[in-house]
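Working notes, beginning with the structure itself.
What follows draws every value from the coordinates through simple rules; no lab data is involved. Predicted model only: the values in this text are computed from it and were never measured. No Cβ is skipped: glycine too gets one built from the backbone with ideal geometry, and neighbour counts run over all protein chains shown.
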Amino acid sequence: MVFMVEQLKSTGPASSFTCDPLPAHVAAEARRIGCGPEKATLPKR
């Protein structure tokens with residue numbers, strides 16, 4: 001399973017619009033399609 005996020009427009013260094021919900025979304029989708037559990041880790045900002 002691959003989750004890819006492309007953020008085409010910079011929203012500034014203080015914005016966490018993409019990073020904050022992504023780990024929970026990955027876990028929920030993995031459970032939903034039956035290939036979990038999955039845990040997404042992101043680089044530190």
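What does the charge add up to near K39, with Lys and Arg as +1, Asp and Glu as -1, over the other residues with Cβ less than 14 Å from its Cβ?
Values: positive: R31; negative: E29, E38.
Combined, the nearby Lys, Arg, Asp and Glu give -1.
Distance in nm between label sites at E6 and R32, each 7 Å beyond Cα in the beta-carbon direction?
It works out to 2.1 nm between the two label points.
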